[in-house]
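All remarks here apply to the structure that follows.
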Amino acid sequence: MKMIFNYNNIFFSFFYDDTSGCIHRSREYAMNYVYSGEMLLDNGKEQIHVGKGECVFIPRDHHITMYKRTAGGERYCGIFLMFTRSFLKEMYTKFKQYKTPEHTPKLASGVIKLPQTAELASLFASMVPYFDPNVKPQDDLMQLKLQEGLLALLHIDKRFAPMLFDFNEPWKIDILDFMNQNYMYEFSMEELAHYTGRSLATFKRDFKKVSDLTPEKWLIRKRLEVAYDLMKQGGRKIADVYTEVGFKNQSHFSTAFKKLYGIPPTSIST
């Protein structure tokens, strides 16, 4: 069981059990503070443990698996501050003193565990009362909390500035390369456009240049092809592969498989 409240891009999360792993696609920069329990971040290359009272900076990334669970007899509760592009543009104009020379180095990309500074301690202590769902904060106060969180980052390391205040349009990346690497994840059309560096209209136009299928049908075809190879080469069972390749239920997988190959997946896996 979980509950999440969103107050002007500040999210208060409660997880009541230890099964609440979720795929977190951070389209924007963010900070996540663990008030109680613990969190494990896995980006596929490393795992970062975040304990009670700790805070991490999360970059824009198309998938980070976040495991939130009880620890020390306490359920997971956390506060997630999301810094949108429009918010950062507004703050860049406001905080002129944080403008940095063009060639100032940026921080390495990836999750960063933040030091426990007085500024962060003060920020999150002031937000604890809003864990009570009956105490709803005002939007203008939440806007100030976002500003306070941003300033706390800039005080921790000046290299956050060139990272957060980089408003250049993202480079386009190859659509099919991206989809071949990430076919098993659930993306909306908007997310696919965002993560390949395009507007939605440009993404649709560019995709037509590389495939006769729609993006949704392409993903289903790709998942079925991978599933077929896995079952054919390794003799794996249906239950072992349909979730691995991105299908949510076996019935949908079996129906789509038979439609493409003319035979049920059971004839391959047996």
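Brief remarks on what is shown
- For region 210-228, the set of residues classified as surrounded by 13 or more Cβ atoms within 10 Å (Cβ to Cβ) and without any contact (Cβ under 8 Å) to a residue 40 or more places away in the chain consists of 211, 213, 214, 215, 218, 220, 221, 224, 225, 227, listed by residue number.
- Test: residue in region 115-125 that is more than 21 Å from residue 195 (Cα to Cα), among the aromatic types (Phe, Trp, Tyr), at pLDDT 95 or above and not assigned by TED's automatic domain parsing to the domain that holds residue 206: yes
- Listed by first and then second residue, the pairs linking a residue in region 70-81 that is closer than 16 Å to residue 133 by Cβ to a residue that is at pLDDT below 90 and hydroxyl-bearing (Ser, Thr, Tyr), with Cβ atoms under 6 Å apart and 6 or more places separating them unless they lie on different chains, are 75/16; 78/13.
- Identity of the residue in region 1-41, outside any strand (DSSP E or B) and within 17 Å of the chain's Cα centre (by Cα), that ends up modelled with the lowest pLDDT: 27
- Selected residue (criterion: surrounded by the fewest Cβ atoms within 10 Å (Cβ to Cβ)) from residues of region 170-209 that are among the aromatic types (Phe, Trp, Tyr) and closer than 21 Å to residue 43 by Cα: 185
- Qualifying position, being over 15 Å from residue 35 (Cα atoms), among the hydrophobic types (A, V, I, L, M, F, W, C) and surrounded by fewer than 18 Cβ atoms within 10 Å (Cβ to Cβ), among 48, 64: 48
- For region 211-261, the set of residues classified as under 13 Å from residue 185 (Cα atoms) and of a type in the set (Val, Ile, Thr) consists of 220, 243, 245, listed by residue number.
- Of all residues making up region 110-148, the number that are outside any helix (DSSP H, G or I) and closer than 14 Å to residue 56 by Cβ: 8
The values are calculated or read from the model by the stated rules, or taken from the named source; none is laboratory data. Here the structure is a predicted model, which is why all the values come from computation and not from measurement. In this analysis, Cβ positions are derived from the backbone assuming ideal geometry, glycine residues included, and neighbour counts consider all displayed protein chains.
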